[in-house]
Amino acid sequence: MRKKRYKITQGEAFSIAFFHVGLPVIEGEKYEITEKDVLTFTIKRKNRKPVLTKTFPGEIDKEDIDNFFVHLTAEDTAALPCLCYRMQLTINLEGLGDEVYTLVNKELEVVAK
């Protein structure tokens with residue numbers, strides 16, 4: 001089975017939504033992400049430093065309790081070479097660095113206009 005690869009066009013604005021984001025804590029309950037936590041969206045090559053980073057609180061929008069939106073400007077995507085990347089969403093509980101979990105890890109391809 002082939003994994004889904006997301007595609008974005010170099011030099012065009014792009015938004016991605018993450019719905020129902022949370023961590024299972026106790027059966028039937030979910031950890032609610034608050035302003036004390038750090039949610040990080042990155043685009044990077046495998047085993048390399050991120051080429052683009054957005055964080056919550058700050059650059060990632062939150063709606064309701066568990067929906068998050070990342071907005072990439074045309075300038076953000078124009079700076080990305082046309083390659084395949086990993087798109088990741090991680091959470092650092094309470095921003096302390098002790099508990100960091102990957103919530104999303106997907107393929108992302110940047111294509112020429």
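Structure notes:
- Exclusive hit being touching a Leu at 6+ places or on another chain (Cβ under 7 Å) and free of Cβ contacts under 8 Å to residues at least 60 places away in the same chain, set Phe19, Phe41: Phe41
Conditions tested, residue by residue: (1) closer than 23 Å to Lys3 by Cβ; (2) small (Gly, Ala, Ser); (3) in contact (Cβ under 8 Å) with a residue 12 or more places away in the chain.
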| residue | (1), (2), (3) |
| --- | --- |
| Lys62 | no, no, yes |
| His71 | no, no, yes |
| Ala79 | no, yes, yes |
| Cys84 | yes, no, yes |
| Gln88 | yes, no, yes |
| Glu94 | no, no, yes |
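- Residues that are touching a residue at least 24 places away in the same chain (Cβ under 8 Å) and either closer than 20 Å to Tyr31 by Cβ or touching a Leu at 6+ places or on another chain (Cβ under 6 Å) (or both), drawn from the stretch 96-107: Tyr101, Leu103, Val104
Computed from the coordinates by the stated procedures, all read-outs in this text should not be read as laboratory data. In this text the structure is predicted, and so the values were computed from the model without any measurement. Methodologically, a virtual Cβ is constructed for each residue, glycine included, from the backbone with ideal geometry; neighbour enumeration extends over all protein chains shown.
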